[in-house]
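Every read-out reported here was derived from the displayed coordinates using simple, explicitly stated rules and does not represent laboratory data. Given the structure is predicted, the values throughout are model-derived calculations rather than measurements. No Cβ is skipped: glycine too gets one built from the backbone with ideal geometry, and neighbour counts run over all protein chains shown.
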Amino acid sequence: MVRTVNELLREDIPRIDKNDTLYHAFKLMEKSGIDKIIVLENRVIEPGKEVKSLAGVLTSRDIVLKLATQRLSRTTPSRVHVSSFMSFPPITIKPGATLAEAAELMLSKKIGLLPVINENNDVLGAVLKTDIVKLAENDDTEVRTIMDTAPVLARTTDRVLKVRQDMLSTDTSFVPVLDENDELVGYVTIYELAYAFVKFEDIVPSKYRKERITHLIVEDIMRFRPPKIRLVDTVSQAVAEIMKKGSRGAVVIDEIGKVAGVVTIDTLLNHIVTNKRELLD
């Protein structure tokens, strides 16, 4: 029997109204541990009767992309609406669609969440890219055959604005951090960037932001103890390490402990779609 979206449907994805504040949305991300939110709006179906319908999707990447722009530089997350940040129109899928269709759609559109709607356009929940990647939890393919051998890297002393630009321009959500001796000391995901910008914009008065944002460096926001795997490890081990850390990827280290590459959620999804389609059937 063909595996369908309904098998991985998540009903616990946070939901929010498009008129709620960005600060409220980010609090939902923190509480749920899911940095993707379904955005709803009131729709009049007949006089005196309204229903909640899908308006868009809000992710950490949306926040990072828009929060530091000049247009919003004089606002705070507690005063701007979700509607100013969400991606729309949202890309959706039906519960009866195949997992292969969902995986291919996520890969081609570079999205991590697919709202699932029925024939009446009611939101049933969503499918997360990470849940599809978990299907490879028993895959014995060696990570050296699928890893990115030229990943984006950051230094502890790099400016956060530089890392933001690097991550957005390369569509990367996971960056290993090296110290002055080229030793791996941490990592930054798109969530850490979003968290840093939300806190910064909410705390620092607008007249000081332009100057102070340039002093924010990677060491101030990075996470320590990065998920690590070896060249001889398998996709199964990579998936386990990434999920254990709640990360977007893992660093692949060579025989002397240096960075050889990275395996990310996107790397794994591409591997499944390209080489392990049987996992989706």
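Points worth noting:
- Cα-based shape type of segment 1-53, given that a ≥ b ≥ c are square roots of the gyration tensor eigenvalues and the cut on a/c is 1.5: oblate
- Anisotropy class of segment 131-214 from Cα gyration tensor, a/c 1.5 cut: prolate
- Residue pairs, from the table LYS36/LYS207; LYS134/LYS245; LYS18/LYS162, whose Cα atoms sit over 24 Å apart: LYS36/LYS207; LYS18/LYS162
- Backbone N under 20 Å from the ARG212 label point (7 Å along Cα→Cβ), restricted to segment 76-91: 76-80
- In terms of its C-alpha gyration tensor, segment 19-171 has an oblate overall shape, because the principal axis ratio a/c (a ≥ b ≥ c, square roots of the eigenvalues) is not below 1.5 and a/b does not outweigh b/c.
- Separation of alpha-carbon centers, segment 236-254 and segment 158-235, rounded to whole Å: 18 Å
- Loop-located GluC sites (Glu not before Pro) in segment 45-144 (DSSP state not H, G, I, E or B) with no more than 14 neighbouring Cβ atoms inside 10 Å: GLU119, GLU137.
- Calculated diffusion of the chain, Stokes-Einstein form, Kirkwood radius summed over Cα pairs, 20 °C and 1.002 mPa s, µm²/s: 108 µm²/s
- Cβ-placed point charges (K, R +1; D, E -1), dipole of the chain about Cα centre in debye, nearest 20: 1100 debye
- Stokes-Einstein diffusion of segment 124-281 at 10 °C, 1.306 mPa s viscosity, Kirkwood radius from Cα pairs, rounded to a whole number: 96 µm²/s.
- At most 13 other Cβ within 10 Å, DSSP loop - trypsin sites (Lys or Arg not before Pro), segment 75-149: ARG79, LYS110
- Annotation: for a label point projected 7 angstrom from Cα along Cα→Cβ of THR141, residues of segment 231-246 with backbone N closer than 13 Å are 234-239.
- Figure legend: label point modelled 7 angstrom from the Cα of GLU278 along Cα→Cβ; residues of segment 1-15 with amide N under 15 Å from it are 1.
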